[in-house]
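J.: Before anything else, here's the structure in question.
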Amino acid sequence: MKTLPEVQAVAADTSDLQVIYEDNHLLLVNKPAGLATMGALPGVPTALDVARQYIAHRYNKPGAVYLGVVSRLDSAVSGVLIFARTSKAAARLSAQFRDRTTRKTYLALTSRPPEQPAAQIECWLRRDEGRHLTVVARPNETGAQHSSLEYRVLGQGRGHSLLAITPHSGRKHQIRAQLQALNIPILGDRKYGSDTAFPNGIALHALSLQFQHPVLPELLTISTLPPAPWPA
C-alpha cells in the first residue's frame, strides 16, 4: 500500500469560531466544554449551529448550510471536532469512523495516577438508560459491548496526573466509564465518580484526530491544545 503524505494542522482563531482546519470538504473546530455537538434543547446553541453560522457568514451563503456530523464529543468535553461540508465527504468519513481506521488521542487529568504507567484496558460496557450512564458489565449481559483503550501517564504535578488516551472502540462515555472503573475518575466528572471540582466541563480534551482526507490522497493529523485552566 502506498504511504500517504501526512499533513499537520494547528488551531487558528477567527472572530466567530476557533477553526483548526478548513477546506471545500471539511471543517474542524476546537469545541469548548459546555457546548453540545448537536441535539440540544430548543433554543440552546450547539457546535453544529455555530459552525453553520460561521460557514454562512464566511462564504455569504443565503440558504441552509450543509454540515455532516460524523463524530461527536460529549458536551462537557473540549477539543477537536470534525464536520463534513459535502455529503460525499460525510459518507467517506463515516465509513472511516465505523471501520475504526481513524485515530483519536485525548488528554485527561485525574487526581491520582493509575497503578501502571501505561496499559491497554479491555472491558465490557453497557448503557444504563435509567441513570443515563455507561457502566462496566459482564460479557453475557444484555447490551454489553467490548471496549478497549490504551493510556500512558505523561506527567504529574499540582496534585494531578496527566494521561494520554487512545480509544480503540467508540462506546458512549467510554473513557469516562473506564477511568472510573480504574478508580481514577476524570477531574470534574461527578457523573463518573469525581469528587474534585474543575472550572469548566470536565478535564477531558480531544487533543488530536488522524484520518484520511475523504477526497485528497492525504493523511491528516489535526490537533489543538487544551484551553485554560488546564495546567501548562
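J.: Name, by its number, the condition in (1) over 25 Å from V80 (Cβ atoms); (2) exposed (fewer than 12 other Cβ atoms within 10 Å of the Cβ) that does not hold for Q120.
T.: Condition not satisfied by Q120: (1).
J.: Further question: Can S208 be described as part of a strand (DSSP E or B), in contact with a strand residue (DSSP E or B) (Cβ under 6 Å, 6 or more places away or on another chain), among the hydroxyl-bearing types (S, T, Y) and touching a residue at least 12 places away in the same chain (Cβ under 8 Å)?
T.: yes
J.: Turning to a different aspect of this structure: Would you tally the residues in the stretch 113-122 being in contact (Cβ under 8 Å) with a residue 60 or more places away in the chain and not in a loop (DSSP other than H, G, I, E, B)?
T.: 1
J.: Tally up the residues in the stretch 64-112 that are over 17 Å from E22 (Cα atoms), in a loop (DSSP other than H, G, I, E, B) and among the hydrophobic types (A, V, I, L, M, F, W, C), please.
T.: Adding up the residues that qualify gives 4.
J.: In this structure, is Q96 in contact (Cβ under 8 Å) with a residue 12 or more places away in the chain, surrounded by 14 or more Cβ atoms within 10 Å (Cβ to Cβ) and within 24 Å of L48 (Cβ to Cβ)?
T.: yes
J.: Checking the structure you have, find out if any residue of the stretch 187-200 is assigned to a loop (DSSP other than H, G, I, E, B), in contact with a His (Cβ under 6 Å, 6 or more places away or on another chain) and modelled with pLDDT of 95 or more.
T.: So far as the stretch 187-200 goes, no, none of its residues is assigned to a loop (DSSP other than H, G, I, E, B), in contact with a His (Cβ under 6 Å, 6 or more places away or on another chain) and modelled with pLDDT of 95 or more.
J.: Any idea which residue in the stretch 129-150 is most open to solvent (accessible area, probe 1.4 Å), counting only those that are within 17 Å of D189 (Cα to Cα) and either β-branched (V, I, T) or in a strand (DSSP E or B) (or both)? Don't jump to the end; show me each part of the working.
T.: Here is the first cut: in the stretch 129-150, the residues within 17 Å of D189 (Cα to Cα) are 131-136.
Keeping just the survivors that are either β-branched (V, I, T) or in a strand (DSSP E or B) (or both) gives 133-136.
On the way: L133: 23, T134: 5, V135: 25, V136: 81 Å².
Taking the candidates together, the pick is V136.
J.: Also: Return the only residue of L125, L107 being in contact (Cβ under 8 Å) with a residue 24 or more places away in the chain, crowded, with 18+ Cβ neighbours inside 10 Å, touching a His at 6+ places or on another chain (Cβ under 9 Å) and under 21 Å from P226 (Cβ atoms).
T.: Unique residue meeting the criteria: L107.
J.: Consider the stretch 23-52. How many of its residues are among the small types (G, A, S), in a loop (DSSP other than H, G, I, E, B) and either touching a strand residue (DSSP E or B) at 6+ places or on another chain (Cβ under 6 Å) or open to solvent by less than 10 Å² (accessible area, probe 1.4 Å) (or both)?
T.: Residues that pass the stated criteria total 1.
J.: Could you please give the count of residues in the stretch 56-76 that are open to solvent by less than 60 Å² (accessible area, probe 1.4 Å) and over 26 Å from N200 (Cβ atoms)? Working first, answer last.
T.: Let us first name the residues in the stretch 56-76 that are open to solvent by less than 60 Å² (accessible area, probe 1.4 Å), namely 56, 63, 65, 67-71, 73-76.
Checking the rest, the ones that are also over 26 Å from N200 (Cβ atoms) come to 56, 63, 65, 68.
Number of matching residues: 4.
J.: What pairs can you find where one residue is in the stretch 155-173 and in a strand (DSSP E or B), the other is among the small types (G, A, S), and their Cβ atoms are less than 6 Å apart, with a gap of 6+ or different chains?
T.: L162/G155; L163/A108; I165/A108
The values are calculated or read from the model by the stated rules, or taken from the named source; none is laboratory data. These figures come from a predicted structure and were not determined experimentally. In this analysis, Cβ positions are derived from the backbone assuming ideal geometry, glycine residues included, and neighbour counts consider all displayed protein chains. Calculation scope for accessible area: heavy atoms of the full protein, side chains included, ligands and nucleic acids excluded. Shrake-Rupley method; radii C 1.70, N 1.55, O 1.52, S 1.80 Å.
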